[in-house]
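The values are calculated or read from the model by the stated rules, or taken from the named source; none is laboratory data. A quick note: this is a predicted structure, and the numbers were derived from the prediction, not measured. Note: ideal-geometry Cβ built from the backbone for every residue, glycine included; neighbour counts use all protein chains shown. Accessible surface is based on the protein model in full, side chains and every heavy atom, while ligands, DNA and RNA are left aside. Shrake-Rupley method; radii C 1.70, N 1.55, O 1.52, S 1.80 Å.
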Amino acid sequence: MAIALAALVSGCTIEGVDGKAPGSGGGGSVLAVKVDNVRPARPQTGLDAADVVYVEQVEAGLTRLMAVYASRLPPAVGPVRSARETDLELLRQFDRPVLAFSGAQSKLLPLIAGAPVRALPPGRAPDGAYYRGGAKPAPHNLFVRPDALKAEPNVDALADAGFRFGPRPEGGTPQTRRTVRFPAARFTFDWVEYEGRWRVAMDGERARTSGGKELSPSTVVVQYVKVRPSRFHDRAGSVSPFTETVGEGSASVLRDGRAYEARWKRPAAGAGTEFTTADGERLPFAKGQVWVVYAKA
């Protein structure tokens, strides 16, 4: 997708909901970073420090990640890529998050400007926040320094968005492997008992950070949602999918080597997502990193 950085700098004023220009002070409840996930972009940087990693479908059946930081900030995150309409509804679960992204197509910019996020792409972020580096070719070599964005993550924002952590509930079905397929991508999660984590594989290859650390969440949520065409498309004419994260549906929560069938419900964009068991009880996640994979219902 073409990156409309020039439009972000000169043709669009992106403000927070309080009317302040990005970078003018303060921070969001979380820092959210759009992260590239095609093969040339791997291995990524800084994903292991995220509290939540969202997986969403983009053009041509590929996927892109949204890394959310609420408790700690790594030195760098990337490769950073462009935003999608899906992100704006998804991030309404958090109170005025800081959004780091490389740009967006021009028709989407007004929606970003009107969204309750503090949008900080290149050209709007403080000097030195973004840099190009590493051996990857452009556009897979743009990284962000989270500290430079002056975000102020707050771990309590996770609870406000619906994330609840606690001991393993009763029930569930033993499961040590789960694969989620997209039209042009797949994710496999393997339970490693002695680590108490799920190892992640992307398109058949073990997922690691650029520093060699394995990506290993403690909880994986496969959330079944409606994925429909949006009114946006990339330069090649491929329609951008829109993932509906408001509503309700089924989900599978993987933790402690077990799968729990669940229901998810998010009544409005400004509300968090609640996950419950069949009898209506809140379904807690295992303490640690959570991956939420938006699979087509």
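Summary table
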item	result
5 angstrom amide H check on ALA119, placed H, neighbours 5+ away	LEU99
Environment charge at PHE165 (Cβ cut-off 12 Å; Lys +1, Arg +1, Asp -1, Glu -1)	+4
Inverse of mean 1/r across different Cα pairs in the chain, Kirkwood, Å	19.2 Å
Sparsely packed trypsin sites (Lys or Arg not before Pro) within region 250-297, loop by DSSP, other Cβ within 10 Å at most 13	LYS287
Cβ-placed point charges (K, R +1; D, E -1), dipole of the chain about Cα centre in debye, nearest 20	660 debye
Residues with amide H under 5 Å from that of GLN175, placed H, sequence gap 5 or more	ARG258, ALA259
Descending principal axes extents, region 186-297, alpha-carbon based, whole Å	46, 40, 21
Among 132-144, 63-75, 240-252, the order from most to least packed when residues are scored by Cβ within 10 Å on average	63-75, 240-252, 132-144
Accessible area expressed per residue, region 75-140, with surrounding protein chains retained (probe 1.4 Å, Å²)	34 Å²
Between region 228-297 and region 93-164, the alpha-carbon center distance in angstrom	21 Å
Surrounding net charge for LEU283, when Lys and Arg each add one and Asp and Glu each subtract one, Cβ distance under 15 Å	+2
Directionally averaged shadow of region 136-210, computed from the convex hull of its alpha-carbon atoms, nm²	8.8 nm²
Region 125-268, accessible surface, carbon-and-sulfur percent (1.4 angstrom probe)	45 percent
Nearest-20 debye value, region 169-297 charge dipole, Cβ charges on Lys, Arg, Asp, Glu	440 debye
Residue (of PHE187, PRO167, PRO153) at the positive-pole extreme of region 150-210, dipole from beta-carbon charges	PHE187
The chain: most fluctuating residue of ALA129, ALA184, ALA32 per GNM, C-alpha cutoff 10 Å	ALA184
Accessible solvent surface per residue of region 191-297, calculated while the other protein chains remain in place, 1.4 angstrom probe, Å²	46 Å²
When each of LYS265/LYS287; LYS226/LYS287; LYS107/LYS150; LYS34/LYS226 is checked by Cα-Cα distance, pairs over 25 Å	LYS226/LYS287; LYS107/LYS150
Phi to ³J(HN,Hα) by Karplus 6.51 cos²θ - 1.76 cosθ + 1.60 over region 104-114, Hz, x for Gly, Pro	6, 5, 4, 5, 8, 4, x, 5, 5, 4, x
Amide hydrogen neighbours beyond the local backbone of LEU215, cut-off 5 Å, H modeled	VAL200, ALA207, ARG208, THR209
